[in-house]
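Working notes, beginning with the structure itself.
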């Protein structure tokens, strides 16, 4: 029964990953070995599950029906393990985590270092990528994401508010002057974040200042960059202004020679937040304790708010809950 369950799991991974090679890589095994396991599964069940060609495959009718039941089986087994794990006195076992590169390097790594020292029976796999992974098909236990919640079967726990600011270097202001209106701002060159999937080239500012209504302003710039650290370096070097999320700062802006702009305007956070996302409504003790450790490390309000002095009095609007 155990070998049958394992082979069914491999079959599910092949379909979810869309290829034998990607499913094999997920389990650190050779394609040929994975193919043999699927053939053994078909022999055990007495039916063909996949129609194979040189470069692709498709599900047979039997494969479609068995896939549906396999998904139910795997979800049930995961829930059983989660229930058992939740009754453990201390976190233990494996946890697979994914997040954006900067957030993982800057905020998750310090937590992981302390967490693994505190719980030596924990094994952590951290995957950092600014392109969002599929938590289910890539077998992640928890993802940390900045953005807006979307409808899904995943569970999301908000661990921090988002805190935006518009910043430029002192050298940039000396060259171009300090803009006092959104119209004057967007006439200046900007450094724009663009990773292929997400292009942040609009700013939503209140009109007029201190009202609940927002107007979108299109940023213009010759420098598009997919890495936040490089974006901030471009701003520091005077290539343009930028809208940034404060968690991307690693020190007070005064130490980088940066200045906040248009602070008397409301700056919309676009209903975004920082979330821990996981697949099941009853997380294991390991997952829940790790999320708690990350939240404790960040603090409430997050410690990065202090990187801009008097920030809680700036950008009043969506940011009015910063105190």
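Structure values in brief
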| quantity | calculated |
| --- | --- |
| Filter result for residue 142 (in contact (Cβ under 8 Å) with a residue 24 or more places away in the chain, over 13 Å from the mean Cα position of the chain (by Cα), assigned by TED's automatic domain parsing to the domain that holds residue 100 and within 17 Å of residue 294 (Cβ to Cβ)) | no |
| Filter result (assigned to a strand (DSSP E or B), within 24 Å of residue 199 (Cα to Cα) and modelled with pLDDT under 90) within the stretch 129-155 | 146, 147 |
| Search result, residues across the stretch 186-228 that are in a loop (DSSP other than H, G, I, E, B), over 25 Å from residue 257 (Cα atoms) and more than 25 Å from the chain's Cα centre (by Cα) | 207, 208, 209, 210, 211, 212, 213 |
| Residues being surrounded by fewer than 18 Cβ atoms within 10 Å (Cβ to Cβ), within 13 Å of residue 69 (Cβ to Cβ) and without any contact (Cβ under 8 Å) to a residue 60 or more places away in the chain - total across the stretch 4-18 | 1 |
| Residue 200 vs. criteria in the same structural domain as residue 298 (by TED's automatic domain parsing) and closer than 30 Å to residue 126 by Cα | no |
| Qualifying position, being over 26 Å from the mean Cα position of the chain (by Cα) and surrounded by 13 or more Cβ atoms within 10 Å (Cβ to Cβ), among 246, 231, 261 | 261 |
| Residues being assigned to a loop (DSSP other than H, G, I, E, B) and surrounded by 18 or more Cβ atoms within 10 Å (Cβ to Cβ) - total across the stretch 264-279 | 5 |
| Counted residues, the stretch 115-128 - those being touching a helix residue (DSSP H, G or I) at 6+ places or on another chain (Cβ under 7 Å) and either exposed (fewer than 13 other Cβ atoms within 10 Å of the Cβ) or part of a strand (DSSP E or B) (or both) | 4 |
| Qualifying residue in the stretch 177-193 (condition: under 30 Å from residue 276 (Cβ atoms) and modelled with pLDDT under 95) | yes |
| Looking only at the stretch 280-323, and only at residues there that are closer than 22 Å to residue 132 by Cβ and modelled with pLDDT under 85, the one that is surrounded by the fewest Cβ atoms within 10 Å (Cβ to Cβ) | 281 |
| Selection from the stretch 69-104 of residues that are more than 18 Å from residue 279 (Cβ to Cβ) and exposed (fewer than 13 other Cβ atoms within 10 Å of the Cβ) | 69, 87, 89, 90 |
| Condition broken by residue 109, with the remaining ones in (1) under 20 Å from residue 286 (Cβ atoms); (2) in a helix (DSSP H, G or I); (3) out of contact with any strand residue (DSSP E or B) (no Cβ under 9 Å at 6 or more places or on another chain) satisfied | (3) |
| Total residues in the stretch 229-250, condition without any contact (Cβ under 8 Å) to a residue 60 or more places away in the chain and in a helix (DSSP H, G or I) | 5 |
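The values are calculated or read from the model by the stated rules, or taken from the named source; none is laboratory data. Owing to the predicted nature of the structure, the values given are computational and were not obtained by experimental measurement. A quick note on method: Cβ atoms are made from the backbone with ideal geometry, for glycine too, and the neighbour counts reach across all protein chains shown.
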